[in-house]
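Working notes, structure below.
Read-outs throughout are calculated quantities, based only on the coordinates presented, and are distinct from any laboratory measurement. Model, not experiment: these values are computed from the prediction. All Cβ positions, even for glycine, are placed from backbone atoms using ideal geometry, and neighbour counts span all protein chains on display.
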Amino acid sequence: MKFQLKRLYFQIILFFTANLGAVGLKTGFCYPFLYCQACPAATSACPIRALEDSVYKQSFEWRFLVYPLLIIGFFGITTGRAICGWACPIGLLQRGTSRVARKVKKHPIAQKLGKYRGEKYLRYTKYIMLIGFVFLTSLLIGFIFTDICPVGMLVGTFPILILNPGKFVPNYFFPVALVIFILFIVLIFSIERGWCRYFCPVGALLGPFNKVSMLHMEVNTEGCLHCNVCSYICPMGIDVPNMHRDPECILCGKCVTTCPEKLIRYARA
Amino acid sequence: MKKSFVFQITAVLLVSGLFLGMVFAAHAYDETQARIVEVLCLSCIKLEPKTIREFTFKTENNAPHPYFVTENLIKGPVFLDYSEDVCAGCEVMYPIIKQLFNIEFGKQDMFSATVTFNHVNITFISINLDHTTDVLENSFPLYDKDEIGGLPMFTIVTLGYDHGTVRPYYTTLYGTLNVPTDADRTAILQEVLKESIEMYQQNKAGYHPD
């Protein structure tokens, strides 16, 4: 079986695992990826929600701070950011939109933007999101990320509105969240893994673990043809031959299967 | 053996050990399940439950009303204020409730009092689901009339006449009551309380708790 097809099956199985609440299984774990516990079928809690709870308006609930970080830390140390490429349902969604995003990528304007030097700095936005919109706003004002999160809108708001017609009305944040959700949809259809690259706060938590994770990608640059096929195929837009434990790498393995010289491989320790 | 591998193994063991400690000693698993997974986060869904002010006799699975409600109904209607620590809607409603009944209580307090509204005694019980007893907590799904599962939730239990018997009759209001201002919210609560007092006074003579 082709490697990427195996990954797809794995993602689909984990999508169902993340939604076992549909058959009544509601656990007390936190997901190691971004998925909303308000989804009627959710199995576990969103780690971001737990982190927000931990500092909400200067209250300090240390359990909600440490608990999700330990879960993310465990997966981070063992597999790095592979969770994004192999387990996250939003990653699976973006896999579905990648075909369109790849077509958009060929457009001259997109190519020009892709060569924009500042693009790599835009990737720091997710760290700003994590510190600013998850911790600081929760500490000083209240939930902001939760109120506008497009993932909550996708898997929480819409299913609840469909399953409970007439039971709910939009709250104060709904119009803002709807605009952000539309921008999220535009983003994932126009930039491959756009959400993971620039905005996902769980990606920001997992990314640095790539530097120390047991599982990582290894590129043997000796014998490299510099064909750049690996970088072209990379959904995260990484310069693959020059990456060394790049925090952006989601270990999807597309470069492994694409390299004509088979110089890229998964490595342990 | 490589230094980095030793570091990774140590880190995995440390994280796993701490995780198990969090689950079994600090009850993080139970807390997460009870406080995050099983309570509908209204902020996450950017929605407010529609407040339908209809009174009903029907509790969840037709379960009997708890003792603390049936006993207090002898004195007058019962007002149950359900909240939790981390809840934006509860913070909006907290000062309104205090002002409505002219009472002072902490958000995390297990608090109950007999208050007077329109010269009638009402039993007010504040139930913060993060700091309460099992008996009070178990009444939450019982009175979740529209099966919302979200907070804040306000239940007013009064008496109603049902096929020849007088029984507890209640309504439940959710969230910030779908109105924009505190004055509107206060007005809604006052109207519902007046309505429940009227029903209570019509039926109290026939009420005999089991």
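Sorting A:HIS107, B:HIS65 from the fewest to the most surrounding beta carbons within 10 angstrom yields A:HIS107, B:HIS65.
Around the Cα centre of chain A, unit charges on the Cβ atoms of Lys, Arg, Asp and Glu (plus for the first two, minus for the last two) sum to a dipole of about 720 debye. The lysines whose alpha-carbon is closer than 17 Å to the alpha-carbon of A:LYS105, local same-chain residues fewer than 8 away aside, are A:LYS115, A:LYS120. Sites listed here are GluC sites (Glu not before Pro) in region B:73-148 whose DSSP assignment is loop and whose Cβ has at most 11 other Cβ atoms within 10 Å: B:GLU104, B:GLU147.
Restriction of the trypsin sites (Lys or Arg not before Pro) in region A:70-121 to DSSP coil positions whose beta-carbon has at most 16 other beta-carbons within 10 angstrom yields A:LYS106, A:LYS115, A:ARG117. Cα-based radius of gyration for chain A, normalised by 2.2 N^0.38 Å, reads 1.03.
Here the ratio of the Cα radius of gyration of region B:43-206 to 2.2 N^0.38 Å is 0.97.
Largest GNM mean-square fluctuation across A:LEU20, A:LEU51, A:LEU113, computed for chain A with C-alpha springs under 10 Å, falls on A:LEU113.
Taking 0.36 nm per residue of separation and subtracting the Cα-Cα distance, full extension of the segment from B:HIS119 to B:LYS98 would add 5.8 nm. Helices of chain A meeting both criteria, an alpha-carbon length of 15 angstrom or more along the long axis and an average Kyte-Doolittle score not below 1.6, with helices taken as full DSSP H segments, are A:174-190. Peptide B:172-183 has a mean shielding of 1, counted as Cβ atoms of other protein chains within 10 Å of each residue's Cβ. Between A:HIS244 and B:THR186, the simple label model (points 7 Å from Cα in the Cβ direction) yields a spacing of 6.7 nm. When the Cα convex hull of region A:43-194 is projected onto planes of every orientation, the mean area is 11.1 nm².
Between the amide H of A:LEU215 and those of A:THR79, A:GLY80, A:ALA269, distances stay under 5 Å, these residues lying 5 or more places away or on another chain, with hydrogens modeled in the peptide plane. What the Cβ-Cβ distance of A:ARG102 and A:ILE131 gives, at R0 = 51 Å and to the nearest 0.05, is a FRET efficiency of 0.95. Screening chain B for DSSP H helices whose Cα atoms reach 30 Å or more along their own axis and whose mean Kyte hydropathy is at least 1.6 gives B:3-24. Pairs of lysines in chain B whose Cα atoms sit within less than 13 Å of one another amount to 4, provided the residues are eight or more positions apart or on different chains. Inter-label distance, A:LYS26 to B:GLU54: 2.4 nm, where each label sits 7 Å from its Cα along the C-beta direction. For the protein assembly as shown, the convex hull drawn through the C-alpha positions has a volume of 159 cubic angstrom per residue. In plain terms, chain A is cut at each of the chymotrypsin sites (Phe, Trp or Tyr not before Pro) found in a DSSP loop with at most 16 other Cβ atoms within 10 Å, and the longest leftover piece is A:173-269. Note on A:LYS262/A:LEU5: beta-carbon distance plugged into 1/(1 + (r/R0)^6) with R0 of 25 Å gives a FRET efficiency of 0.85. How high is the FRET efficiency between B:LEU20 and A:PHE16 when r is their beta carbon distance and R₀ equals 30 Å, given to the nearest 0.05? For B:LEU20 and A:PHE16, the calculated efficiency is 0.65.
Residue exposure proxy: A:HIS216, B:HIS27, ordered by other Cβ atoms within 10 angstrom of their Cβ from fewest to most, comes out as B:HIS27, A:HIS216. Label positions at B:LYS204 and B:ASP162, each projected 7 Å from the Cα along the C-beta direction, are separated by 2.1 nm. Per residue of A:63-70, other chain Cβ atoms within 10 Å of the residue Cβ number 6 on average. Sites listed here are chymotrypsin sites (Phe, Trp or Tyr not before Pro) in region B:1-64 whose DSSP assignment is loop and whose Cβ has at most 15 other Cβ atoms within 10 Å: B:PHE57.
Exposed loop sites are taken as GluC sites (Glu not before Pro) in a DSSP loop (any state but H, G, I, E or B) with at most 13 other beta carbon atoms within 10 Å; the longest stretch of chain A without one runs A:1-221.
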